1. Please work out if ASP123 is of a type outside the set (Lys, Arg) and more than 18 Å from ASN165 (Cα to Cα).
2. Looking at THR373, THR446, which one is crowded, with 23+ Cβ neighbours inside 10 Å, of a type in the set (S, T, N, Q) and in contact with a helix residue (DSSP H, G or I) (Cβ under 7 Å, 6 or more places away or on another chain)?
3. Of all residues in the range 93-106, count the ones that are surrounded by fewer than 24 Cβ atoms within 10 Å (Cβ to Cβ) and not acidic (Asp, Glu).
4. Go through the range 175-217 and give me each residue that's more than 20 Å from GLU113 (Cβ to Cβ), over 40 Å from the mean Cα position of the chain (by Cα) and assigned to a loop (DSSP other than H, G, I, E, B).
5. Need at least 1 residues that are in contact with a strand residue (DSSP E or B) (Cβ under 8 Å, 6 or more places away or on another chain), assigned by TED's automatic domain parsing to the domain that holds ASN67 and over 30 Å from LYS60 (Cα atoms) per element, so show me which strands (runs of 3 or more DSSP E) inside the range 382-490 make the cut, counting only ones lying wholly within it.
6. For the range 223-237, how many residues are closer than 21 Å to PHE180 by Cα, part of a helix (DSSP H, G or I) and within 30 Å of the chain's Cα centre (by Cα)?
7. With the requirement that a residue be touching a residue at least 40 places away in the same chain (Cβ under 8 Å) and surrounded by fewer than 17 Cβ atoms within 10 Å (Cβ to Cβ), what does the range 461-477 give you?
Amino acid sequence: MKIKMFLPVVALLSLSLPAMTEASSFQSIGKTGMGGAGVAVTTDSFASYWNPAGLAFYDKTFNAKFNGGVGYNINSALAENADKLGKLDFKNPGDLNVSSASGTVAALKAAGEAVQFIGILKDIDNRGGAIVITPGGAFSLQYNNYGLGLFVTSEMDVYVNNVDNINIMPADSCTGLATFASSIGAGAYTSRPTNKIFSDAQYGSILLAFSGNATVVNALESQLAASNKAGLPTDQLAQALIDLGKSLGGVNTSIDNNNTSLAVKGLLLSEVPFAYGYKFDLKNFGQLGVGGAFKVIMGTVYGSILSIQESKGSDNIVKKMNDTKSNSTSVGLDLGVAWRKELPAVGQFNAGFVAKNLNSPEFDNPTGFTGKTKVEPQVRMGVAIVPFSWLTIAADLDVTKNKTLAKDNEIQNLAAGIELKPLSFFAFRTGMYSNIAESSSGAVGTFGLSLGPKWLRLDVDGAVATKSAKYKDKSIPREASVEFGLSSMF
């Protein structure tokens, strides 16, 4: 038994660990309430992050801001399936091997859980998914058209690294149907259970996969009717039984060797920008601002591979996000332009364009991962109108599709929002953004407010997705975030 418990570990270590070369997404520090639209309207100390050209249009001689927040994104069904795995009793895939069970009752229970295990693996393979956590914060200063600060952005991703649909036979290598039937005591099940869970059509397809052995199918249906801890739907259970039946008799395909795994990747960037913006007066053509930010970036890269038994429970996955890490330092370069002009019947019109991390800064990967983690260039554009002194309407678009740390996951946000300032000490914001690179992501609504005089103002912002996901067996918004900030200007 000790050898069988060791096999999944050997199989896992034999996997080649992936390279980590992706970029993190553009995070909406300080502009969440307006849907994350900030490229054309940010002219205070946060311009060092959003668009350094905005510093050319500074409103006050001095501005200081502090901001902190956290967000999450549950992409597809990974968290839900991890929670389903957590309901099963096995400690490692070898526990689902009927050949190792003591007695037919224990073997049938193991077989029933193996069916659910196979069904969950199939769903993970089909729907994939990721769990993303994005804590961040900032402290920034602006004096005239100069900017300096510390901007902390991070992304912690858990996603599917490998799904093993080959090693799923819940028995020793080469175990045939007859031996499997004997192990689970199938001879006692001469008829279907009274509480049938499969339709006649489903039963027929399952029976075909087990070469017409009705007692085996009856035994497994009875077990699943009595105990379906993962709560899988009948169509998922039926397909899992078909896959199990086809696996019997396989050579070296025992479930003991199953090497399904998840990857945990994280990137924390602490950027110290030295930013400057300069304004050109174009007379009848408005005003043009150009700016740049040279950044010293301290990067921490996290990475590890979780075996399937370590992936039981979405909360357990999240706890393992910072197990292995590597620290290194690089530099980055951002360039931006901003244009402003008064237009008839519109008021002030702003446009902005920024390219971040033009030099593709790289950071060392933790032990076991090949190559380096590269933060690829990100390009974003924005427009805004200010028809009245108390109303701002803005919209941003990611020109580039920004890769995330999660495999095959990209972000290209379209964002829009408005801010109303009915009183000198009160402002209200609302907006929406959507990841147009992923059709199933849905829209995310945002909101925020500011309270207090300009010399000490409190900002509170948040975002909530319109679509839901499962986490720890509860339905929650698929994406959400919250930010708190303090600002002062003179």
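1. No.
2. Only one candidate qualifies: THR446.
3. Residues that pass the stated criteria total 8.
4. Selection gives GLY176, THR190, SER191, ARG192, THR194, SER211, GLY212, ASN213.
5. Because the criterion is at least 1 residues that are in contact with a strand residue (DSSP E or B) (Cβ under 8 Å, 6 or more places away or on another chain), assigned by TED's automatic domain parsing to the domain that holds ASN67 and over 30 Å from LYS60 (Cα atoms), the strands (runs of 3 or more DSSP E) in the range 382-490 that meet it are 413-423, 426-435, 443-451, 457-465, 468-471, 474-477, 479-489.
6. 1
7. LYS472, ASP473, ILE476, listed by residue number.
Let's see how each residue does on (1) in contact with a helix residue (DSSP H, G or I) (Cβ under 9 Å, 6 or more places away or on another chain); (2) touching a residue at least 60 places away in the same chain (Cβ under 8 Å):
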| residue | (1), (2) |
| --- | --- |
| LEU177 | yes, yes |
| SER183 | yes, yes |
| GLY187 | yes, no |
| LEU208 | yes, no |
| GLY212 | no, no |
| LYS229 | yes, yes |
| GLN236 | yes, yes |
| GLN239 | yes, yes |
| ILE242 | yes, no |
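The values are calculated or read from the model by the stated rules, or taken from the named source; none is laboratory data. Nothing here was measured: the structure is a model prediction, and the numbers come from that model. Because the Cβ atoms are built from the backbone with ideal geometry, glycine has one as well, and the counts that use them run over all protein chains shown.
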